[in-house]
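Throughout, read-outs are computed from the coordinates displayed, never taken from laboratory work. Everything quoted here is computed from the prediction, not taken from an experiment. Glycine gets a Cβ as well: all are built from the backbone with ideal geometry, and neighbour counts include every protein chain shown.
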């Protein structure tokens, strides 16, 4: 299974950092707008109150100075932003979307599901250090910001969200351009084109792509491998936690059926969730009958159906971005469970959510001779 | 388990092959465990994973999805899609450490009355060994 | 221009896959169809097959739905156990007389519960199962046969031998069994006729070199089809006379070809199908195919052949094949491609006999007033142009009664005949 | 609405009554909601039984009928007819199979009874959610578009064109007749083909109900069975486009020969006097078979199976027409030595071996050969090959005729896209069902005739053309409306998010995408009601009528009680 980079070029361009990475990136976008390469930039920005970050579609390049490419939290999953802009058509603006790798991959999935249109969108990602749990950040934004910056400096992910700590795709290149921070010499970073679109952007900016990026490649690969070990270990522990019915129920016991996890999930693209629809609402006698056969039933009902159903519906496109866990008011480790399920279901079809637009969605295709182990009794 | 356990098995049978196979088992007077309650669908590809999941959560001790053999689907390719959907659901259940053995996908053709009987008998025996589906009694489900 | 007394009804002779398809299409267009079937069941030869080449589709699954449709169709009037006795007239107004033998079981009352079999004291070889299993004097050929209504074999039934047996009648709760049924002569007026009477396979006893009938475990195509059939005598278990499953088998192509003088066009393919049958049930089995020229025409079949070949079958281009029993096995001696003599030992031999006309094809041809060709198949008016038109306007020949062919070609001919009929009247 | 459910249990003589305690069943379901009457009867499928049901329905004003008897495959239709006669919608009915799948497979009477109760309860719960379904009737256009003016297209057009059915015949080249025009004679009876084909072409031109477009191609086809919109582009008439509507489309675009240049070992196109089967037919048609230098050849070789290795299938007719070529050669150049290089002689069918045997004789040789190479040697051609004993041999001839495989030109794919039908790796169009519907396609109303479906002989091509007319004449009748399947899929506008998953899984192209609303729409006329799209839709926007989630849910929740 490919864990880090796949479409990446042999070479990239080394960009010198002026004051700091953030300003340099913003500066980069400023240039693209001045040159008319992009009409607008989709990028995170701190809200005036300072206690959160949101995506803005930025048309006035002078505002770029306030953009925060490296925001400490993921309050809105970027793919959702891209989708809301382009779901009903590409529109006339050329837009650069600056997203984290997981957001980029979710965007790829949504594109295969006809929920975004990338014709006029250039996807730009960068090495992701992870983000903090929103709850931690909100407590004391200023303190959190410092912690976050130090964490990045010391490449320490302990303050990041659990799913970020086991993310083996934090440098996976799925979009058009990628900004590589890891393995770069002091006061520089790499910019790596990974598609024709990406190359075009760089050549329009007269940036030549011939610098060697091996240091980045080896660093990110090493990181990916280390993270994958962690991920496997974490999933094993998790399975012990959820394994067997009771553990599963304990894990999801606090679920209040608010469906926040579904609402913030980038790849839950349905207009109305199957599990909000009338299909799962029953006449009272059915509940009485259920109560009779089970002894009692909890309300709101069908939380397990919702959780497991969502896993069967969405795990194939899950990019383990963690939004669901951030959104859970009962702090259920939804994202961690999903990342475990997703790894398993995607492996069935050697599929890797968001890896590439070319891989067909597993449930839209089939092979005549496959999955024989699923037939009859194989366990 | 002291008192006799009678499994409750839901069987989604495709109209053209498996349901016909089940009928043939009948007209050949074969013995098939009465634990299987057949539900006729036009094609195994109609079987929505959520339906299977629902059955399981409501306490079905086993769920059988049966359709035409690969290549025989009355609608060309329905069973191939059915197999992928089934695989995902089964994998989810398995990954959660739950009893994926309670789910079974089998191909039974219209001429395989005997095979239908065998499949159900075998599945029924297995379920008996597994015992009742614990979800049946879990009020929190 | 139609005369006023012309009829658009159609007579279809034979309720095999060709006859069924033709009837269903004609019915869709609103025609009335009379189907005359010699046996007690529908589906012809195809229902004897478990799978059909080259996609190895389940034959019953393919047929059962159209058989059901055929039997429930209000425009289709099926006469089983019936044969055409006389035909007068011409295109647009043929008058046909058929002889419908008594089934002695009422088609309406019988609900197909089979309660009548068990008490019947008579037992004999089941022809449908190629004698590999037994049946009673009252019987259906196999489980799942359609219509699912038994018949009484008067040549065996004690009652028809003067004894006072009524075991079956007593067992039937539906007053379905009626010993007083009489053979009927039925007169039909039809505008056109489709002949779809199918084929026989070459009688392998006429090729003694293969030892059929003398050596155990030498099987003909139909015998092996039933041996593999999941609704057949062994429920699909491939086994030798001694009950063991064979470790090696030989498939002999072109059985009877030099006697009859033509290539039957399906033998190579169904031989490859047998190969698949064997492999799917006994993966480790050794298989040898003895052939002269491999004839696998058409866009689909070579891939199938390659699959079988690559699965490890040994294909031997050979001549002068001869078989002798040797202990538990069978020795096959032959000359190979370079005329070198050699031999090998196998446990099972499957013969792939040629397709030949039905035994009564020429009789029916006379009744119909159409010629047969040198081989006894019904003759086309101009074989370079049309495969279904006979010298007699309004009479069409389809399926293997016109010549050996696979199901696809039979079905094409059936719908072609329908096309001719619907476009001309 | 006030629902009145009648439940009737068939004893089926002893078949059910002896195996199931019917009274227990009656007792168990009588008290269920809306059940107004539960009765047993000795044999419901009998005439008396049907009348009894009809009377009961009237007598108790039954709105929903449940019958517990045999398999739906046996008597579903029977009882649906009873419903119709008794004036209730046949889809407000549910048949419970307590015979084949209960009484007949269960030894213990108690168990059987328990199961029968479950099944009957399930059916009653299910029927709560049944809705009446009405047969639709759709107007259809009986006219037909025939693409390809070869023998298949001609035959089909002639059989279909009638005052009440127009045929539009579109041919890419400037004249009708296709490949057959090149053949002097047809095998096996060696009948001159010119009179036959010419007469047919005349008939087509004379027929007032056939509109012929030569030098034209189809540039667009939209719609579905009974209602296609066609665009034809006439290259001759400076790309004038004509639009018209038809109800069915016949694809009879035929095939071409494999290009031997792709197998360089034959040196076709590089050395003189190596010609293809078609070159030879055309040369023979002129009456003179001659070499480049104008002299008749003294010896000729015919190479079978040219390109078979590359195409991966046997083209069925090459051996036969190669035999025909021997006849041509013998007839025009008595005493010529003809050698056939072949691998397997494929002459299927009753009269072909005779043709072969009669072709054998003096100066006719057959050599089983492999690894054939052809090189120039002086004025002659040197054929190098491996014989059946594995030895390499040579043989010198004046002329070499290549018998190439048949293939469908790759430019046919655009048509395939218009029509939503796929092609196999030989480019041949894929039929709906290999056995049962060799001339239909997965797109209803689109048919295949001739070599476009697979390599075949002239008679087989004509047979297919006739077969297609059979299909069309029986299903697309002037003035008669099309009655589509009732139990079809339906996609809810308010739930569909337009992810197109259903489009991708539908085998019959029944689902189209509304680009304005960005949602999927089922075409009820061609939907076959498998329900694949329903299970594929994560939003639950798709529903299969009569097999809705709710209906199946009721069945299963009863099953697990």
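Applying D = kT/(6 pi eta Rh) to region D:489-545, where Rh is the Kirkwood radius over alpha-carbon pairs, T corresponds to 10 °C and eta to 1.306 mPa s, the Stokes-Einstein value obtained is 147 µm²/s. The sum of -39500 (n - 2.57) across all DSSP H runs of n ≥ 4, divided by the residue count of chain C, sets its helix-only mean residue ellipticity at 222 nm to -6500 deg cm²/dmol. For region D:1-103, a/c is not less than 1.5, where a ≥ b ≥ c are the root eigenvalues of the C-alpha gyration tensor, and a/b does not top b/c. That puts it in the oblate class. How large is Rg over Rh for region A:234-374, taking Rg from the Cα atoms and Rh as the Kirkwood inverse mean of 1/r across Cα pairs? With Rh from the inverse mean 1/r over Cα pairs, Rg/Rh is 0.99. Give me log10 I(q)/I(0) at q = 0.16 Å⁻¹ for region A:126-248, Debye formula, one equal scatterer per alpha-carbon, no solvent. Once normalised to I(0) and log-transformed, intensities are -0.91. All Cα-Cα separations within region A:1-116 were binned at 10 Å from zero, giving a P(r) of 13, 38, 39, 10, 0, each value a whole percent of the pairs. Take every Cα pair under 8 Å whose residues are at least 6 apart in sequence, average their separation, divide by the length of region D:489-545, and the relative contact order is 47 percent. When you work out D = kT/(6 pi eta Rh) for chain D at 10 °C and 1.306 mPa s, using the Kirkwood radius from C-alpha pairs as Rh and the Stokes-Einstein form, the result is 56 µm²/s. Take every pair of alpha-carbon atoms less than 8 Å apart whose residues are at least six positions apart; their mean separation over the length of chain C yields a relative contact order of 18 percent. Over region C:32-116, the hull volume per residue, using the convex hull of the C-alpha atoms, is 146 Å³. Normalising the average separation of contacting C-alpha pairs (under 8 angstrom, six or more residues apart) by the number of residues puts the relative contact order of chain A at 19 percent. Averaging Cα coordinates gives a centre for region A:263-314 and one for region C:349-401; these two points are 65 Å apart. Can you show me the helix-derived [θ] at 222 nm for chain D, built from DSSP H runs with n ≥ 4 at -39,500 (n - 2.57) apiece and divided by the number of residues, rounded to the nearest 500. Theoretical 222 nm ellipticity from helices: -9000 deg cm²/dmol. State the antiparallel share, in %, of DSSP beta bridges confined to chain D, rounding to the nearest 5. Close to 45 percent. Here, region C:294-343 is characterised by an Rg to Rh ratio of 1.10, where Rg is the alpha-carbon radius of gyration and Rh the Kirkwood radius. Could you give the angle, 0 to 90 degrees to the nearest 10, between helix C:407-424's Cα long axis and the longest principal axis of the Cα atoms of chain C? It is inclined by approximately 20 degrees. Please give the Cα centre distance for region D:286-359 versus region D:361-415, rounded to the nearest Å. About 10 Å separates the Cα centre of region D:286-359 from the one of region D:361-415.
With only the Cα atoms considered, region C:127-268 has a convex hull volume of 214 Å³ per residue. The alpha carbons of region D:340-432 occupy a box of 51, 37, 26 Å along the principal axes, longest dimension given first. Evaluated at q = 0.14, 0.15 Å⁻¹, a Debye calculation over the C-alpha positions of region D:260-405 (equal weights, vacuum) places log10 I(q)/I(0) at -0.62, -0.72. Using the alpha-carbon positions of region C:202-355, Rg (one decimal) and Dmax (whole number) come out as 14.5, 43 Å. Helix D:318-332 axis versus longest C-alpha principal axis of chain D: approximately 30°, rounded to the nearest ten. Applying 0.36 nm per residue to the separation of residue D:59 and residue D:288 and subtracting their alpha-carbon distance, the gain on full extension is 73.6 nm. Set the Förster distance to 56 Å, then compute FRET efficiency between residue C:259 and residue A:359 from the Cβ-Cβ distance, nearest 0.05. Calculated value: 0.45.
Consider all pairwise Cα distances in chain A and report the whole-number % of them above 32 Å. Distances greater than 32 Å cover 35 percent of the Cα pairs. Note on region B:9-136: percent of Cα-Cα distances in each 5 Å bin, starting at 0 and stopping at the bin with the largest distance, equals 2, 12, 23, 24, 20, 13, 5, 1, 0. With Cα atoms as the point set, the radius of gyration and Dmax of the protein assembly as shown evaluate to 36.0, 116 Å. For the protein assembly as shown, DSSP calls about 50 percent of its internal beta bridges antiparallel.
The fewest-to-most ranking of C:96, D:290, C:36 by surrounding Cβ atoms within 10 Å reads D:290, C:96, C:36.
Can you give the helix-only mean residue ellipticity at 222 nm for chain B, where every DSSP H stretch with n ≥ 4 adds -39500 (n - 2.57) and the sum goes over all residues, rounded to the nearest 500 deg cm²/dmol? Here the helix-only value at 222 nm equals -12500 deg cm²/dmol. Taking a quarter of the surface of the Cα convex hull of chain C gives a mean projected area of 22.0 nm².
If R0 is 22 Å, the Cβ-Cβ spacing of residue C:118 and residue B:121 corresponds to a FRET efficiency of close to 0.40. Beyond 23 Å, the tail of the calculated P(r) for region D:393-486 holds 38 percent of the Cα pairs.
DSSP beta bridges confined to chain A are antiparallel in about 60 percent of cases.
Listing D:304, D:130 from fewest to most neighbouring C-beta atoms within 10 Å gives D:130, D:304. Out of every Cα pair in region D:25-162, what percent are spaced more than 24 Å from each other? Tail of the P(r) past 24 Å holds 44 percent of the pairs. Using a Debye calculation, one point per C-alpha and no hydration shell, please list log10 I(q)/I(0) for region D:434-492 at q = 0.20, 0.21, 0.25 Å⁻¹ in order. Normalising to I(0) and taking log10 leaves -0.82, -0.87, -1.06. I'd like the distance between the alpha-carbon centres of region A:176-232 and region D:1-77, rounded to an integer number of Å. Result: 73 Å between the Cα centres.
Counting Cβ atoms of other protein chains within 10 Å of each Cβ in D:544-553 and taking the mean gives 5.
The angle between the Cα long axis of helix A:141-153 and the longest principal axis of the Cα atoms of chain A comes to about 70 degrees, rounded to the nearest 10. Taking only the Cα atoms of region A:11-227, the radius of gyration and Dmax are 16.4, 45 Å. Under the simplified labelling scheme, the residue C:55-residue C:155 pair shows an inter-label distance of 3.9 nm, with each label point 7 Å from Cα along Cα→Cβ.
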